[in-house]
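Below: one structure, written as structure tokens.
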Amino acid sequence: MNHVAICPGSFDPVTLGHLDIIERAAATFSRTVVAVLDNPVKKPLFSTAERCELLRKATAHLPGVEVKHFQGLLVDFARAEGARVIIRGLRALSDFEAEFQMALTNKHLAPEIETMFMVTRPEFSFLSSSMVKELVRFGGSVAGFVTPEVEEALMAKRELLQR
Ligand code: PNS
């Protein structure tokens, strides 16, 4: 039995919705690797190093959780980490189509790896990194959506968001 799970994402930045999924994965698997996509084409607000650092602070209390970044195919990274499970959070029906496509593509590429979905808690079902950035851009509060460290980091980038 393999007990390693991968929680992949852009995490630009990590939200309390992401953290809920990571916490639940950590309670289920003996090792959980949070995999931050390092894709400069996506032009994220936070650099890969910044996104990893914010995630490390937010998950420091969770045993068995490691934060790493990857380039290229997720399944190659999962294999290199010895993981047999990819965990994705599902919010609303609108997530389903893209997640279905991604899960089937990954299954085709790596039949030995399973994608498992965790349904988000209802209070986070509308939450996304894009929504949080939009709130900061227009001066709204993100308290209750992100950790205080992430809120501070977002405030420091507020000017960039307003350009
Ligand atoms: O947080 P996101 O942006 O929804 O995460 C998407 C992510 C990083 C899981 C996905 O884009 C990904 O796995 N990218 C790596 C490239 C890859 O493996 N593509 C094939 C499967 S779609």
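The values are calculated or read from the model by the stated rules, or taken from the named source; none is laboratory data. This one's a predicted model, so the numbers in the text were calculated from it and none came from an experiment. Neighbour counts run over all protein chains shown; Cβ positions are idealised from the backbone, glycine included. These accessible areas exclude ligands, DNA and RNA; they are computed on the full protein's heavy atoms, side chains included. Shrake-Rupley method; radii C 1.70, N 1.55, O 1.52, S 1.80 Å.
Structure values in brief
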| read-out | value |
| --- | --- |
| Subset of the stretch 27-49 that is open to solvent by 20 Å² or more (accessible area, probe 1.4 Å) and hydrophobic (A, V, I, L, M, F, W, C) - its residue that is nearest to LEU74 (Cα to Cα) | LEU37 |
| Near pairs, Cβ below 7 angstrom, 6+ apart or cross-chain, from the stretch 22-43 (within 22 Å of SER130 (Cβ to Cβ) and charged (D, E, K, R)) to any residue that is in a helix (DSSP H, G or I) and within 13 Å of the ligand (Cβ to nearest atom) | ASP38/THR48 |
| Selection count, the stretch 44-53, where residues are within 14 Å of the ligand (Cβ to nearest atom) and either in contact (Cβ under 8 Å) with a residue 24 or more places away in the chain or of a type in the set (Phe, Trp, Tyr) (or both) | 4 |
